[in-house]
Amino acid sequence: MLRSLRPALPATALFLASLVLSCAAPRGATTVALEAPIPSPPAHAPISERIRYWEDRMSQLGRADQSEARLCLGELYLESDQASKARLNFYAARNGTLSKREHAQAAYGVGRSHLLDGHPSLAVRHLDEASQSLQGPEGEECRFLAAFASGKSATSSDRALIARMAPYTGNRVFVASATAHNDFDGLYQMRRADWGAKPLLGNHDVMTRPYRITVHHTAEPAETYTLAESKREMRDLQRMHQEGKGWADIGYHFLIDQAGRVIEGRSLSVQGAHAGNSSLNRGNLGICLLGNFVAQPDRGSDYALAQLPTSEQMSALNKLVRQMQSRYQIADSEIWAHMDLKQTACPGPALKRWVRNKSGNP
Ligand SMILES: [Zn+2]
């Protein structure tokens, strides 16, 4: 499944090609008794040929050369999505004579092989180790993948790097929020720490690239004009979602209280739980306005009358949606009311009208 997402010619190919070229003729080849110097496999030869080239010669190489050849082979196997063969070669390389940098490259290779296999937890130790010694672009890539593997929000503002690493992350992306803390300072008027959020629990998926937005109401008739009321409501919602529903966190990415404050819900690096099943939540930013905008007389007198979104909420919603559209290039037609995606009265008629005007969807 990671495989199919792999770009046909990722930019890593360039780096890998140069690496493979650099070790096309192993150092000290002359110390090995061969009839002729080892010709390098041409860089444009198909990967399978280059793999066969090194495999065929392995036994004729001295120990130090074998280690380098194993590193090259490991990279080629990674390139051709043969994770376990890549791993074997990186381990074999480490048993030979390697410089400190090559040793780190082998660890980096082992880590990436686990990522290709879809086992980030096995990759962490190797990527962490490698990131101590790798420098430059390779070091940056390694640290990015180490953060990804350890479940920290692996983020980068470097879109090229994100794209290069897609084969290993399966495109489970981390868009821009890197540097994000700063840009987000102006976006949220209340962060998780401000409302006393409990930590994210383990049962979540990493967010894929956001390409749509879904608008909700909480269906709870709370008054949330003051900061204290608003914070209490946030804690209640998180408790309902974590303890009541068994979710990893509050389901929505953004909430907007009646004073028009934009509140940080679930981290943007984590897939939401708001639209329905997992395929509905994929790449879907959940924005929820605090309030009950649908009359629910069956739930008792508190719920009997529908509230209306406040004008502060509506202008905050307008601005937030515009910001998310421009940040993630989300089309108007990908703005949805929850009721557009599944059988529900959420978010009520007023917000449905707003969404219809904005998206052009019926
Ligand atoms: Zn909803």
Burial-style ranking of 264-276, 44-56, average other-beta-carbon count within 10 Å with highest first, yields 264-276, 44-56
Interchain or sequence-distant (5+) residues whose placed amide H lies within less than 5 Å of the amide H of Val206 are Gln271
Among Lys245/Lys352; Lys319/Lys358; Lys319/Lys352; Lys245/Lys319; Lys231/Lys342, the pairs whose Cα-Cα distance exceeds 20 Å are Lys245/Lys352; Lys245/Lys319; Lys231/Lys342
So Asp194 and Ser315, fully extended at 0.36 nm per residue minus their Cα-Cα distance, gain in nm 41.3 nm
Packing-ranked peptide list from 115-124, 189-198, 66-75, highest mean Cβ count within 10 angstrom first, is 66-75, 115-124, 189-198
Between Asp298 and Arg232, Cβ-based FRET efficiency (R0 41 Å, step 0.05) works out to 0.95
Residue by residue through the stretch 92-106, the couplings from Karplus 6.51 cos²θ - 1.76 cosθ + 1.60 with θ = phi - 60°, in Hz, x for Gly and Pro, are 4, 4, 5, 7, x, 9, 10, 6, 4, 5, 5, 4, 5, 5, 5
Placing each pseudo-label 7 Å from Cα in the direction of the beta carbon, Met58 and Arg209 end up separated by a distance in nanometres of 3.7 nm
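Only the coordinates and a few stated rules stand behind these numbers; no lab work does. None of the values given here were measured: they were computed from a predicted structure. Every residue, glycine as well, gets a Cβ built from its backbone with ideal geometry; the counts of neighbours run over all protein chains shown.
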